[in-house]
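The values are calculated or read from the model by the stated rules, or taken from the named source; none is laboratory data. Remember, it's a predicted structure, so these values are computed and weren't measured experimentally. In this analysis, Cβ positions are derived from the backbone assuming ideal geometry, glycine residues included, and neighbour counts consider all displayed protein chains.
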């Protein structure tokens, strides 16, 4: 009898399985419950597959999307709708990295404890509808992206990607139309591009930290040079230059030689250190594309790698973090698009390196780009004109301003649009002027 | 006009009340389950004593069961630590009538009053001397009076945690559910209200009658009533106009539960129809296989006009009824082999019917029963091997089972196809949060088979995760209860039947809940008591009798016969217990054979060494 009664414990084995399974279920419910509840078949928050509760506003309360019992609407202003499309997303989930795709659980006000509620969520974003609209207009039909963020608080003011469409109208264009190439992608977070000369900031940081004679070095530019058996062309005929001057006029000969001396591996190492080859996660959940800077194995390739060509690819969001770190004493405050949510920070470089890079970038503006082109902005920046091999180039302009009350870092990238100085810098100026003016300065 | 205003005000008031009640309901559910668990844990589980063995030096061995093994081993019921005694030396068995028989089990020698025990066993009575090897002991049988006197040292449940209060809480739970149904469910009206009313009336009538007859253990019934109530709310959400059928089925279930409890009071009676249960189970399944039309790839439903039954649910009762066994049968290998054959027939027929989920439930129950019966891992291993082959066969033959396995873990990749039901279940369950959207306020119930195969998700959506966990917790509590009771069981029959019942229910919980949530393949098994479905409800209540039959606390269960109450007995509470059903009072002392019982050997009392 005792034996039989002891074997009754077999039942407890099954009970343990029930408990274990419940543990698995609860774990999944905690981690994925929001996604489950946001599923379009959930008639508690959808009416015929259309969200019926929740809203998203910009930092000033401008409605970007709102759901009601009868209809779902986006922002009132058509430019704002287009400018914020990639941040906000659309109901159909066409933009996978958008708030409506990633944070739909917050939009419907889901929580593990209350489930879905009758009122829906009221989400507030850090973006500024006005600044975003200005950026959208400034891009003026170019495919590209404009990113602006407060490097002290992490708040993203502007994250515009083009081309887009008016979500209120829905997709009325032919998706194979080249004018709409990559319309479903937020270029700021999901794409990588050849950086061109903006990458020289990585090279110069590597040189600064590893070459004791950094400030004494000079090179002579005669329009081109043979480095490691490869001909490196320069846009100008610069004569004898220090590294500082070479950065300001973006001399390929200076940086080609620096690259050959530093070696491809070291440059790749610095790109990695600055987070340019890492996939990040905006607000922990929006995935970003990882750039890649493969180490060149010979001096010629290293020269190309050093000037942001070779096989270098950079993600605009990752580059924005790099700018934020330089602006903020080497420590990047992680960007956030959800108002009131901070995402921590990370030390990317020493304060001394950040300080020197900051001075070099200011020098660029003072002696090369012309401060009068950027009135009222305490600008630190670097241009980039990335050749993509077919005669066209990506126009880059990246940096930050140190205006009081407007501590903004920015990245402007216009795809196959021409030179950084000629195309991207004016866009940046327009957007920053707007950003500074709305911030009260 | 005035009426409109009244209606409006009433409507708003009930709306507000219902909103508040959404947060109270799961907490009341939690209180009900917690009270039952507390009661089950805190009550004493004192063994009964049926006889004593006195060894030299006044060493006393109490015999706590009707089936006791004596020997040198630690795992026996009466340990006699002497080198001349075999590890498992002899077996003392008390018939339901109160007569004791001793059997020799091993190579050792056993004597009663100096006479060697023959292979057919020997009767042993009060004051006889039992000799095992070199050790002699005096056998002292307890008379009814003596056992009645001992009763005062045993504690009846229900004093620390009063079942009446728990019943009241259950009624509150039902009122809140009804309020929510009437507020949220546009289809709910007088039919739903009456169904809840009849449910409450039935449960209180049951409580009153059983309480008046002196029983104080109500935890299993209350937990089952709780689950049935939740199931009734799901039925009201699904088919508010069809509540009459549900409530009739519930009353029938309760009636059959009472019948089963009374039936299993008498072990002799139980054993006398076991063989019929074997055949009934196999025939029922075979008839279903032949007659049932194919529905969603399975032939498991018999249709009589608009009325359908699922015979496999009733076979569950028969299977456990026939599968549990008394200790004496456990020593005979051919009994186990017969049982394995019976099980293979059941599982095989279910597999042929295409009811893979139920086949799996039977298979796991089979494993538990055969383990408890034999403890022989080699036997179990062979069975596993055979079953694995069988499962492979099922999987290759039935495409819809294969499809279920292919979807497993990937339901979100196929939201329009094979994952259609589960993604909706997960979405609705998450949407409910801890407290639920309100009974009758869900949408999942409109999805195909939600009220049966995905009932856990419906519960979570409408009544909250807390209520869902309470439902699972109820069954875990019953399982723990059965295990706790096992140590004081009279006969291994009840211990095995109770454990098998709860194993079966737990497997159903595992397959139902985790199939719905994509943790396991979706097999379409019902959740005990809570899934809407007549056959399943009736079968679960009948099975609950085995849990009651295993409840050995004093005065706890009317499924367990109590010792006769003697007017001259000492210290027995005069609690109005009606002894009318008790047949053992006229102990005539002439042996056990006065009604042909066991004389023909059919019942399988094993006579070790005999029958060469």
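Within the stretch B:321-357, the set of residues being at pLDDT below 80, assigned to a helix (DSSP H, G or I) and in contact with a strand residue (DSSP E or B) (Cβ under 8 Å, 6 or more places away or on another chain) comprises B:327, B:328. Of all the residues that make up the stretch B:255-308, how many are more than 30 Å from residue B:338 (Cβ to Cβ) and in a helix (DSSP H, G or I)? Residues meeting the conditions: 2. Residues in the stretch A:45-56 that are within 14 Å of chain B (Cβ to nearest Cβ), on the phi < 0 side of the Ramachandran plot and surrounded by 18 or more Cβ atoms within 10 Å (Cβ to Cβ): A:45, A:46, A:51, A:52, A:53.
Against the definition (more than 10 Å from every other protein chain (Cβ to nearest Cβ) and surrounded by fewer than 24 Cβ atoms within 10 Å (Cβ to Cβ)), how does residue B:487 come out, yes or no?
Considered against the rule, which asks whether it is more than 10 Å from every other protein chain (Cβ to nearest Cβ) and surrounded by fewer than 24 Cβ atoms within 10 Å (Cβ to Cβ), residue B:487 comes out as no.
The helices (runs of 4 or more DSSP H) found entirely in the stretch A:92-179 that carry 3 or more residues being at pLDDT 95 or above are A:129-139. Taken over the stretch A:1-44, the residue count meeting the criterion of being within 7 Å of chain B (Cβ to nearest Cβ), under 28 Å from residue A:72 (Cα atoms) and surrounded by 22 or more Cβ atoms within 10 Å (Cβ to Cβ) is 5. Being in contact (Cβ under 8 Å) with a residue 40 or more places away in the chain and assigned by TED's automatic domain parsing to the domain that holds residue A:196 holds for only one residue in A:383, A:392, and it is A:383.
Taken together, A:296, A:303, A:327, A:271 contain a single residue that is surrounded by 24 or more Cβ atoms within 10 Å (Cβ to Cβ), in contact with a helix residue (DSSP H, G or I) (Cβ under 8 Å, 6 or more places away or on another chain) and without any contact (Cβ under 8 Å) to a residue 60 or more places away in the chain, which is A:296. The condition of being in contact (Cβ under 8 Å) with a residue 24 or more places away in the chain and either outside any loop (DSSP other than H, G, I, E, B) or outside the structural domain of residue B:545 (by TED's automatic domain parsing) (or both) holds for only one of B:195, B:208, that being B:195. Scanning the stretch B:424-436 for residues that are over 12 Å from residue A:113 (Cα atoms), touching a residue at least 40 places away in the same chain (Cβ under 8 Å) and at the interface with chain A (Cβ under 7 Å from one of its Cβ atoms) yields one hit, B:426. Tell me yes or no: at least one residue of the stretch A:413-422 is under 12 Å from residue A:198 (Cβ atoms), assigned by TED's automatic domain parsing to the domain that holds residue A:329 and within 17 Å of the chain's Cα centre (by Cα). Yes, some residue in the stretch A:413-422 is under 12 Å from residue A:198 (Cβ atoms), assigned by TED's automatic domain parsing to the domain that holds residue A:329 and within 17 Å of the chain's Cα centre (by Cα).
Surrounded by 19 or more Cβ atoms within 10 Å (Cβ to Cβ), assigned to a loop (DSSP other than H, G, I, E, B) and in the same structural domain as residue A:359 (by TED's automatic domain parsing) - does that describe any residue in the stretch A:226-234? Yes, the stretch A:226-234 contains a residue that is surrounded by 19 or more Cβ atoms within 10 Å (Cβ to Cβ), assigned to a loop (DSSP other than H, G, I, E, B) and in the same structural domain as residue A:359 (by TED's automatic domain parsing).
Against the definition (away from every other protein chain (no Cβ under 14 Å) and not in a loop (DSSP other than H, G, I, E, B)), how does residue A:59 come out, yes or no? Judged against the criteria, residue A:59 is not a match.
Could you check how many residues of the stretch B:121-159 are assigned to a loop (DSSP other than H, G, I, E, B) and more than 28 Å from residue B:83 (Cβ to Cβ)? Within the stretch B:121-159, residues that are assigned to a loop (DSSP other than H, G, I, E, B) and more than 28 Å from residue B:83 (Cβ to Cβ) number 12.
Given the options A:89, A:93, A:68, A:144, name the one that is under 26 Å from residue A:288 (Cα atoms) and surrounded by fewer than 24 Cβ atoms within 10 Å (Cβ to Cβ).
Selected residue: A:93, the only one of A:89, A:93, A:68, A:144 that is under 26 Å from residue A:288 (Cα atoms) and surrounded by fewer than 24 Cβ atoms within 10 Å (Cβ to Cβ).
Every condition in (1) in contact with a helix residue (DSSP H, G or I) (Cβ under 9 Å, 6 or more places away or on another chain); (2) assigned to a helix (DSSP H, G or I); (3) at pLDDT below 95; (4) within 26 Å of residue A:140 (Cα to Cα) is met by residue A:377 except one, and the failing one is (2). Going residue by residue through the stretch B:52-72, is there one that turns out to be outside any strand (DSSP E or B) and in contact with a helix residue (DSSP H, G or I) (Cβ under 7 Å, 6 or more places away or on another chain)? Looking for residues that are outside any strand (DSSP E or B) and in contact with a helix residue (DSSP H, G or I) (Cβ under 7 Å, 6 or more places away or on another chain), one finds none in the stretch B:52-72, hence no. When B:104, B:185 are checked against the criterion of being closer than 30 Å to residue B:438 by Cα and surrounded by 15 or more Cβ atoms within 10 Å (Cβ to Cβ), B:185 stands alone in meeting it. Each residue in the stretch B:177-192 was checked for being more than 22 Å from residue B:464 (Cα to Cα) and part of a helix (DSSP H, G or I), and 2 pass.
Name the one entry in B:230, B:252 that is touching a helix residue (DSSP H, G or I) at 6+ places or on another chain (Cβ under 8 Å), surrounded by fewer than 18 Cβ atoms within 10 Å (Cβ to Cβ) and in a helix (DSSP H, G or I).
B:252
Of all positions in the stretch B:462-483, none carries a residue that is outside any helix (DSSP H, G or I), within 12 Å of chain A (Cβ to nearest Cβ) and at positive phi. Close contacts from the stretch B:262-276, counting a first residue that is free of Cβ contacts under 8 Å to residues at least 60 places away in the same chain and a second that is surrounded by 20 or more Cβ atoms within 10 Å (Cβ to Cβ), with Cβ to Cβ under 6 Å and a gap of 6+ residues or different chains, come to B:274/B:322. Could you tell me whether any residue of the stretch A:276-288 is outside any loop (DSSP other than H, G, I, E, B) and without any contact (Cβ under 8 Å) to a residue 24 or more places away in the chain? Yes, the stretch A:276-288 contains at least one residue that is outside any loop (DSSP other than H, G, I, E, B) and without any contact (Cβ under 8 Å) to a residue 24 or more places away in the chain. Restricting attention to the stretch B:258-277, the residues being more than 18 Å from residue B:495 (Cα to Cα) and buried (at least 20 other Cβ atoms within 10 Å of the Cβ) number 0. Which members of the stretch B:516-534 meet the condition of being at the interface with chain A (Cβ under 10 Å from one of its Cβ atoms) and either within 30 Å of residue B:248 (Cα to Cα) or buried (at least 24 other Cβ atoms within 10 Å of the Cβ) (or both)? Selection gives B:516, B:517. Residue B:452 satisfies every condition listed in (1) farther than 25 Å from residue B:24 by Cβ; (2) in contact (Cβ under 8 Å) with a residue 60 or more places away in the chain; (3) facing chain A (nearest Cβ under 10 Å) except (3).
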